[in-house]
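K.L.:
Sharing a structure with you now.
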Amino acid sequence: MRIWYAHMRAATRQASKPQPTKAVRSQPTSPQRMPARRARKTPTNLSLPSDLVQRAKALGLNLSEVVESALEKVIREAEQARWLAENEEAIDHYNAVIEKYGLFGEEFRQF
């Protein structure tokens, strides 16, 4: 909150100054989240069993959204598995060091 108030004070100080003659793009004064930018979509042909397509249409499902979310999930899981495989040796070494020497400052922990 303190940072936001500091920006508000700066914005009010700037508002009292004379405005420049050129058009200047102003930033919003209140903190706002920008919507996430989606990647451009590529038209793709998929071969799906006709009974699945019919059942999805009967339920009012958007096939593009269903396939996109399923593909994102599978990609995320594959990337996580690849990361774990690539870093397995480092993780094992770290765990061995912690097991041998303990955590730094462990004797001072209150929990």
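Coordinate-derived values only; no laboratory data. From a predicted model like this one, the values you see are computed outputs, not experimental measurements. Cβ: placed from backbone, ideal geometry, glycine included. Neighbour counts: every protein chain shown.
K.L.:
Convert each backbone phi in the range 51-60 into a coupling constant with the Karplus relation 6.51 cos²θ - 1.76 cosθ + 1.60 (shift: θ = phi - 60°), then list the ³J(HN,Hα) values in order as whole Hz, x for Gly and Pro.
P.N.:
5, 5, 5, 4, 5, 5, 5, 5, 8, x
K.L.:
Can you give the FRET efficiency to the nearest 0.05 for Ala85 and Glu65, using r as the Cβ-Cβ distance and R₀ = 25 Å?
P.N.:
Computed FRET efficiency for Ala85 and Glu65: 0.25.
K.L.:
While we're here: When the Karplus curve 6.51 cos²θ - 1.76 cosθ + 1.60 is applied with θ = phi - 60°, which whole-Hz ³J(HN,Hα) does each residue of the range 76-88 get, with x for Gly and Pro?
P.N.:
3J(HN,Hα) across the range 76-88, in whole Hz: 4, 5, 5, 5, 5, 5, 5, 4, 4, 5, 5, 10, 4.
K.L.:
In nm, give the distance between the simple-model label positions of Gln54 and Arg40, each being 7 Å from the Cα along the Cα-to-Cβ direction.
P.N.:
3.8 nm
K.L.:
Here is a follow-up. Quickly rank 101-108, 42-49 as a protection proxy: mean count of other C-beta atoms within 10 Å, highest first.
P.N.:
Details: 101-108: 8.0, 42-49: 6.5.
So the peptides 101-108, 42-49, ranked by packing, come out 101-108, 42-49.
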